[in-house]
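Any read-out appearing in this document is the output of simple, stated calculations on the displayed coordinates, not a laboratory observation. Remember, it's a predicted structure, so these values are computed and weren't measured experimentally. All Cβ positions, even for glycine, are placed from backbone atoms using ideal geometry, and neighbour counts span all protein chains on display.
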Amino acid sequence: MDGEIDQESSRFLMRRLASDDEMKATWSRYHLVRDCLRFQDGTMADVDLTGRVSQALQAEATVHRRFAGASRWLKPVGGAAVAASVALMAVLAVGPSADRVNSGDAAGMTASSGVESFTSPQSILSPTPYSNQVNLSGDGSEDRQQMNAYLLRHYQAAGARGSHGVVTATPIILIGSNRAAERPPQKDEEPKPDEQ
Amino acid sequence: MTRRAGWFAAWAALALLLEALPARGSDSPEEWLDQMSVAMDQMSYQGTFVYIQGKSIETVRVTHVADENGTRQRLVSLSGDPRELISDESGVSWILGHDNSVLQDPAFKRSFFPSVPLDRLRGVYRLEWGGKGRVAGHPVRNLRVIPDDEFRYGYSLWLDERSRLLLQWELLDINQVPMARLLFTDFRYGTEVDAGELKTSKPLGHYNTVASALPQGNTVTGQVSRWQARDLPEGFELTDHRYAQGEDDRLYEHLVYGDGLAAVSVYIESSDGEGVPGVSNMGTTHAFTRRERLVKITVIGDVPAATVLKIGRGVSPTGD
């Protein structure tokens, strides 16, 4: 509470608080004293941080299992750009004769999205992907929307396990970063020299 | 004093405690990595960073607040089309301003104290100290996380010496060549954070809401999943599992595998369609999709293509 504890000790203390009832009580008493000192109007603080910590930890271990009818399948209701954004993903197909990742065609697709493709580290696996402009999403919007949902939920799942914080979320915000590059030329737009 | 005010006092004490911490104690890279993970989740910070990948350079503003209301984060793109990503205890909202739409997904249960499983890292990564420097005016120390195989990326991390917050990040390929870089140009933390920046540019109700195409599912712990990835790269373990079966008997299963730093999601969903199996990528994030027995299997992660391919090919029903 006074900032004098070092970081290692603070983490140890917080984990200990989650399981040590006596320490929880002491912690709460100290907070109560501190709050009474800070607030002179006689009101009492209702601080139960350690209880919340315990609840959170217990909730993580709770087993939830429900099957048929347990969840509702959510349906998309609109938002064309959300659906389209994963079209920015460069698509590579798996081919038995390929022996390396080639980002050639895919890079072109990805470059238009403003997110540059790169050549993956060569794999020991065979076959490995080679570039081919296969449309992963078939006829488009529904599967793309599903891929967006996959990405968003994956970001949550990865973040929930304490990955690199802001880094985990960054690829999501970059999707659709340069939509203008995807747009076909408008009537009043002159084609650039390299497009002629 | 109200309950909320009480929480505020407690969280304020915690924030002050974390903020005031001098860089003392263990000097091992493992401890710094673990402390970084906690700090990135439990501390409040704010800043502007550039993200460089290939020829693309993006500028993003982040506000991350941990207080009596829980942990909330808002990312706002400052270049290109307007986009925002807001996450809190209720879930995540992804705003695409040019389309006036927002894609929403309910919350994924967060670990209250996210921690790096150091024991699992030891078999698949090497941790090395790099040099010292300054990022956004803050003294930093470089920590390199080197993978032992080609199934995961490496990381070069510059951590604030005082708070352990991550101020610069590089994603490394198998030859330790940077593929992507994130660098804060302006950074503040603790009481200097303006929580007002958590507010979206306009209320979420003003956007066209797009619900997730996926069912929320129920978290399944300690239960055998119906599908599993049988061919995992070394170090990867199942960390989360969600399962749902709709009234129309459609299946949804979400398995999350991680090696302590990298995470891969495996989605198994009922599908009547046909398609060519393939690997796709968006920047450094790879996805692999194939179909089997009227289900579509999709593997996604910020890992090399070889990893999603290996995992995806090994996904099969548990009864097989």
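Quick one: divide the alpha-carbon radius of gyration of chain B by 2.2 N^0.38 Å and tell me what you get.
Here the Cα radius of gyration is 1.05 times the empirical estimate.
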How charged is the neighbourhood of B:Pro29? Take every other residue with its Cβ under 13 Å from the Cβ of B:Pro29, and add Lys/Arg as +1 and Asp/Glu as -1. 0
Two-site FRET efficiency, B:Ile146 against B:Thr185, from Cβ-Cβ distance with R₀ of 30 Å, rounded to 0.05: 0.65
For B:Thr59 and B:Asn208 in one chain, what is 0.36 nm times their gap in residues minus the Cα-Cα distance, to one decimal in nm? 51.1 nm
How many nm separate the modelled label positions at B:Asp249 and B:Trp129, each set 7 Å beyond the Cα in the direction of the Cβ? 6.3
So, in nm, how far is label B:Ser270 from label B:Glu234 when the simple model puts each one 7 Å beyond its Cα toward the Cβ? 4.1
Radius of gyration, Dmax [the range B:187-300; alpha carbons; angstrom]: 18.4, 55
Using helices alone, what [θ] at 222 nm do you get for chain B, with -39,500 (n - 2.57) per DSSP H run of 4 or more residues, divided over all residues and rounded to the nearest 500? -4500 deg cm²/dmol
